[in-house]
Amino acid sequence: MSDSPLENLPYNSPLQPIKLDLDNKIKFRCHKDIACFNECCKKIDISLTPYDVLCLQKHLNLTSNEFLSQYTVPFEMDKDGIPGVKIKTADDNLACPFLHEDGCGVYEARPTVCRYYALGLMSMRKENAITDENSFFLVKEDHCLGHNEDREISVADYRTEQGVDEYDEINREWRQIILKKLSAGPSIGKPTPRSLKFFFLCSYNFDSLLAFIQSDNFAEVYDVSPEEIEQLGNDDIALLKFGSKLLKQVLFGEMSIAVKDNALQKRVQRRREQIQADPDDPNANYNGPEMV
Ligand code: SF4
Ligand code: SF4
């Protein structure tokens, strides 16, 4: 059996077992007059990235809580329960809630997965490498007639056409966290329920993230100027990226946000007191760097 995950695909997988680079060309075009128009939105399983959530929430003029409760369902991304969110479909019907007869009702804010289709992305980081390596592959499903269209386009140009670069750039740090968490194994310890909630907050609930950053709890630990906090309140993308930095700090101890003197010791002391008061606290068994 080959070591390449793409060569080990089941025989009926829609993923084509050919690795593509940015310069490679694909034959594909999707447009409103194609016979299969909207077919791909009728049976969906779409995971959302932080920037997807932010763009959709803004496009629909909803708060984070409103968007998350109306349009998403939670799922676990790994055996430790790292939380993800997917688009919520009706129980007996897997159609996208944003699908209208004339197409996608949130086209300008459509999620990364919809932008990528019919390309798939595979990100890997080799041991000791500081950057991820991205490869692409073609997804060919029977219902999709876009592969029969007479247009060749490079992977790079297709990404530009679909606006994928911006989404990938803004989600980059968050994706690195997922890759690192999935490949770290038990070395970083099992996240506590508190850490998992914090992951959700930093990744998807931007209103609550901002409220946390503006809170006394945050000010007790982190050394961030009032000007920077004000700026985070006015700049959604900066807030999203700050959330990813916070996550790296909390999950992996990467100290990219300044911490006040003795803040960690005070927190650890308070946590010890909580554990002494309640030894069955599920947050008690975590060995990783936790500052929330
Ligand atoms: S968000 Fe738009 S493009 Fe994506 S599945 Fe829903 S309707 Fe289709
Ligand atoms: S060509 Fe493919 S991506 Fe476009 S509408 Fe048809 S099924 Fe969907």
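Coordinate-derived values only; no laboratory data. None of these values were measured; they are calculated from a predicted model. Reconstructed Cβ throughout: ideal geometry from the backbone, glycine too, with neighbour counts over all protein chains shown.
For Lys245, give me every one of the aspartates and glutamates with a C-alpha distance below 12 angstrom, ignoring sequence neighbours fewer than eight places off in its own chain.
Leaving aside aspartates and glutamates fewer than 8 places away in the same chain, those within reach of Lys245 are Glu173, Glu254.
Taking the number of other C-beta atoms within 10 Å as the exposure measure, put Leu121, Leu56 in order starting with the fewest.
Numbers: Leu121 15, Leu56 20.
Neighbour counts put them in this order, fewest first: Leu121, Leu56.
Return the equivalent ellipsoid semi-axes of the range 190-285 as a descending list in whole Å, where each equals the square root of 5 times an eigenvalue of the C-alpha gyration tensor. Could you put the intermediate results ahead of the total?
Numbers: eigenvalues 120, 49, 27 Å².
Over the Cα atoms of the range 190-285, the semi-axes work out to 24, 16, 12 Å.
Relative contact order for the range 19-171: what percent, with Cα pairs under 8 Å and sequence separation of 6 or more? If you can, show how the numbers build up before the last one.
Details: 206 pairs, mean separation 58.8, N = 153.
In percent, rounded to a whole number, it is 38.
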